[in-house]
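Quick notes on the structure that follows.
Please treat every number below as a calculation from the coordinates, not as lab data. Fair warning: this is a prediction, and the values are worked out from it, not measured in the lab. All Cβ positions, even for glycine, are placed from backbone atoms using ideal geometry, and neighbour counts span all protein chains on display.
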Amino acid sequence: MDADSDVALDILITNVVCVFRTRCHLNLRKIALEGANVIYKRDVGKVLMKLRKPRITATIWSSGKIICTGATSEEEAKFGARRLARSLQKLGFQVIFTDFKVVNVLAVCNMPFEIRLPEFTKNNRPHASYEPELHPAVCYRIKSLRATLQIFSTGSITVTEMRPFLHRWSLGWPWDLC
Amino acid sequence: MTGRVCRGCGGTDIELDAARGDAVCTGCGSVLEDNIIVSEVQFVENSGGGSSAVGQFVSLDGAGKTPTLGGGFHVNLGKESRAQTLQNGRRQIHHLGNQLQLNQHCLDTAFNFFKMAVSKHLTRGRKMAHVIAACLYLVCRTEGTPHMLLDLSDLLQVNVYVLGKTFLLLARELCINAPAIDPCLYIPRFAHLLEFGEKNHEVSMTALRLLQRMKRDWMHTGRRPSGLCGAALLVAARMHDFRRTVKEVISVVKVCESTLRKRLTEFEDTPTSQLTVDEFMKIDLEEECDPPSYTAGQRKLRMKELEQVLSKQLEEVEGEISSYQDAIEIELENSRPKAKGALASLTKDGSVEDTASSLFGEEDAEDEELEAAASHLNKDFYRELLGSGNPGSSEAEGSPEAGSRPPALESLLGPLPTAASLGISDSIRECISSQSRDPNASGDGELDLSGIDDLEIDRYILNEAEARVKAELWMRENAEYLREQREKEARIAKEKELGIYKEHKPKKSCKRREPIQASTAGEAIEKMLEQKKISSKINYSVLRDLNSKGGGLQREDVRPEDRASARKLSRRKTPASRSGADPVASVGKRLRPMVSTQPAKKVAVGEALLPSSPLAGAEPARPAVVVVESGPVSYHPEEEPEEEDPDEEDGEPCVSALQMMGGNDYGCDGDDDDGY
């Protein structure tokens, strides 16, 4: 059963996490004083900067490593990261935009039916693991795609994976299995 | 027997003599092998006349001392460690298992799991206690005993999720499929704890039926089985006229009260709850329900739809109201006396947003929030103007407030502090009026600027006044943390002054000390002593006096750092302190560390490294020191330089070094205590 043909399943990407380096030392204090939307966490040594246009939150370390979360697509993540680098440039740091990498993509999907978790785990023994004492969902790991699916009994599924474009494929799995 | 061919004659008839361990060719008589290793059992005669077999028992766990032929000292050590790990693990498993009342078979199985885990190196980097708990829980699951992960975490006082993580990893690595937990397993255990007396069995059966019903109604997926059990038992108890309160049940079942209530309400929603007790025992309803979270989700969707419909209606109603408002406004304006002057023009303006735009020139702000803030600011401005201005226009003050304010703005803004809105309007003005700067591409070819709106980015950068305000705010917010840091620094500075400063590094693993390279034993001991820390609870002067005749003028080729460690071994170290020119000066150097109450090694080393210290300085220090130290033994520094016994010296180090090593352990502990 093809996932997309029969029923219109909307797969929403809710979060894209990416990292990049600026290859220069950043003075957190300066960023904290002069940036408009920043939170300075001195005890852990990082600065949180939030942009509005692509709604992203970036964690900036003084070594120059920056983690960007909250974007809704990969292009947006890259765009947001570039904006961030641009604003750091304007603050006066010699920023070089390198090593951009998308680290994690989170997508949510809703199945129109409920799923019986105990039987599901029994049928998919090595991949699925279900611990009702710990978490209400079944954790299904696909090693080949390096993806993790969390399957809830209401039919909603969250997919977390490294490579961004494989949602459809990974969602085809539960259709075959349920 | 293996069909070998004789080298001499080529014959295949070879005789193996097991007793002598020979292989001889019967054709030509040449000996092919000597000292064959045989696997026969040999018997030896005892003193009592009986015979016993030769050999040793080697246990399965590999704890025997297997003598390896030739090399293998390294291998032997590895085996020992593994055996030790297994033994330790076995002990802990038994200890925990007995607390959980597991039978021997379960404990053995758990030990097998543990062995597998060790062989796969899963114990590396994990606390042994976690691994053991995971093994035990695995056994509980496979055997189906009513033990929860929560019980284990209670015993170990460890977070249950941490244990769960270890458990999941173990199950995955060992490829053991733990069967899913059935809540029915827990019923007998909890029922027993709730003490139903003779009716225990009936209540359990009722609870089991309830659970099965819950399963059919999809209440059990994704829920903690203990919560379901609790709910089922509570209802079952009530059905059989036992009064068990919610509190009792939750103390047994270990869930929260709200969880229990929620389960009960969910059960209430199912049609089964409508049956009476007898009906329930007899009839089983056919239809199944949806899981409660699913129904909750549906309900939310419905609520949202309702809200949308409502909001649409609200808008219509609002539209009507605003039209009424406009009408009233017009009437009022017509009826009220005209205000004169500039104020009049201001009050005559209809909507506030138009004035905002006229004030700021072109409206460049994209966000309507900023717009709203600006207009709110202007409204305040107006209000002040009107209030402080013409008293005759007090009526006018009243009406614009009531009238010209569109309702949406009011709901948007509410209590906005004027300072903030002022700040924002400043930056808006700056953004609008300033020209866009050239993109700063100094030496950075890699940043692709396409699609980046510089103007907006400029807005992210505050100007000076704002930076100051923000710095103040941040300081106020993090005042606690900053204060702590300052106190800490003050404390460290004070300690430094007193010379008792001890650096408390965050827990780093001990650096491996380089192996001491020394040519003689004495040198090695000295180096070791200087590396190891020395206790500060010892009155060194007294110690020195005990071996008091040992201080002499003899010089020894000892490194100056040894003076630091000299304090403990009084006599032995007196020659050590004599390096360089001045014996007395070195005495003074030794004494100087004594001044501080807890001579830190660093201080002493620092001092020791000063090769030349003025003698004069040493002299007055000495009597002062003498006064300070009120030991039981009177200290005569004059005697010091005379005494030295080189012969005893050689013998001494060996003994006292040993003492040092033995005593140093205490010393180290003492040091740790003192350093708080």
Cut-off 15 Å, label 7 Å out along Cα→Cβ of residue A:101, residues of the stretch A:14-34 by amide N = A:17-23
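Assuming a ≥ b ≥ c are the square roots of the Cα gyration tensor eigenvalues, decide whether the stretch B:229-272 counts as rounded (a/c under 1.5), prolate (otherwise, with a/b larger than b/c) or oblate.
Values: a/c = 2.36, a/b = 1.14, b/c = 2.08.
Oblate.
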Residue among A:13, A:31, A:39 with the largest mean-square fluctuation in a Gaussian network model of chain A, springs linking Cα atoms under 10 Å = A:39
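Across peptide A:88-96, how many C-beta atoms of other chains are within 10 Å of each residue C-beta, on average?
Numbers: counts 3, 8, 8, 2, 2, 0, 4, 4, 5.
Whole-number average of other-chain Cβ neighbours for A:88-96 is 4.
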Each label point is 7 Å from the Cα along the Cα-to-Cβ direction; what then is the distance between the points at residue A:119 and residue A:142, in nm?
-> 2.3
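Apply 1/(1 + (r/R0)^6) to the Cβ-Cβ distance of residue A:55 and residue B:518, taking R0 = 56 Å, and write down the FRET efficiency to the nearest 0.05.
Details: r = 66 Å, r/R0 = 1.17.
My answer for the efficiency is 0.30.
Starting from the stretch B:120-181, pick out the trypsin sites (Lys or Arg not before Pro) whose DSSP state is loop and whose Cβ has at most 14 other Cβ atoms within 10 Å.
Numbers: sites: B:120, B:124, B:126, B:127, B:141, B:165, B:172; in loops: B:120, B:124, B:126, B:127.
Answer by residue number: B:120, B:124, B:127.
Does the stretch B:168-300 classify as rounded, prolate or oblate by the C-alpha gyration tensor (a ≥ b ≥ c root eigenvalues; a/c under 1.5 gives rounded; else a/b over b/c gives prolate, otherwise oblate)? All intermediate terms of the calculation are to be shown ahead of the outcome.
Details: a/c = 1.61, a/b = 1.15, b/c = 1.40.
Verdict is oblate for the stretch B:168-300.
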Work out how much length residue B:45 to residue B:150 would gain on full extension: take 0.36 nm times their residue separation and subtract the Cα-Cα distance, in nm to one decimal.
-> 31.8 nm
So the pair-distance distribution of the stretch B:99-156, from every Cα-Cα distance in 10 Å bins, comes to percents of 23, 56, 21
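Of the peptides B:221-230, B:102-111, B:317-326, how do they stack up when ordered by the mean number of other Cβ atoms within 10 Å, highest first?
Values: B:221-230: 24.7, B:102-111: 17.1, B:317-326: 11.7.
Result, highest mean Cβ count within 10 Å first: B:221-230, B:102-111, B:317-326.
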Distance between modelled label sites at residue B:311 and residue B:333, nm, 7 Å Cα→Cβ extension = 3.2
Using R₀ = 51 Å, calculate the FRET efficiency as 1/(1 + (r/R₀)^6) where r is the Cβ-Cβ separation of residue B:36 and residue B:175; round to 0.05.
-> 0.70
For the residue B:101, residue B:258 Cβ pair and Förster radius 35 Å, calculated FRET efficiency rounded to 0.05 is 0.65
What one gets for the stretch B:110-223 as the Kirkwood radius, inverse of mean 1/r over different Cα pairs in Å, is 15.7
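Could you pull out the chymotrypsin sites (Phe, Trp or Tyr not before Pro) across the stretch A:71-162 that fall in loop regions by DSSP (anything but H, G, I, E, B) with no more than 14 other Cβ atoms inside 10 Å?
A:113
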Number of partner chain Cβ atoms within 10 Å, mean per residue of A:150-159 | 4
Using the C-alpha atoms of chain A, what convex hull volume per residue, in cubic angstrom, is computed?
-> 136
Taking Cα atoms only, helix A:167-177 is inclined relative to the longest principal axis of chain A by an angle, in degrees rounded to 10, of 20
In nm, the gap between the two label points placed 7 Å beyond Cα toward Cβ at residue A:48 and residue B:4 is 7.9
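Over 23 Å between C-alpha atoms is what I'm after, so list which of A:50/A:78; A:50/A:90; A:30/B:496; B:496/B:537; A:46/A:90; A:122/B:127 land there.
Details: A:50/A:78 15 Å; A:50/A:90 16 Å; A:30/B:496 31 Å; B:496/B:537 20 Å; A:46/A:90 19 Å; A:122/B:127 30 Å.
Violating the 23 Å Cα-Cα cut-off are A:30/B:496; A:122/B:127.
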In whole Hz, what ³J(HN,Hα) sequence does the stretch A:33-50 give by Karplus (6.51, -1.76, 1.60; θ = phi - 60°), x for Gly and Pro?
-> 6, 9, x, 7, 10, 10, 10, 9, 9, 6, 5, 9, x, 8, 10, 9, 10, 10
To the nearest 20 debye, what charge dipole does the stretch B:148-273 have about its Cα centre, counting +1 at the Cβ of each Lys and Arg and -1 at the Cβ of each Asp and Glu?
-> 220
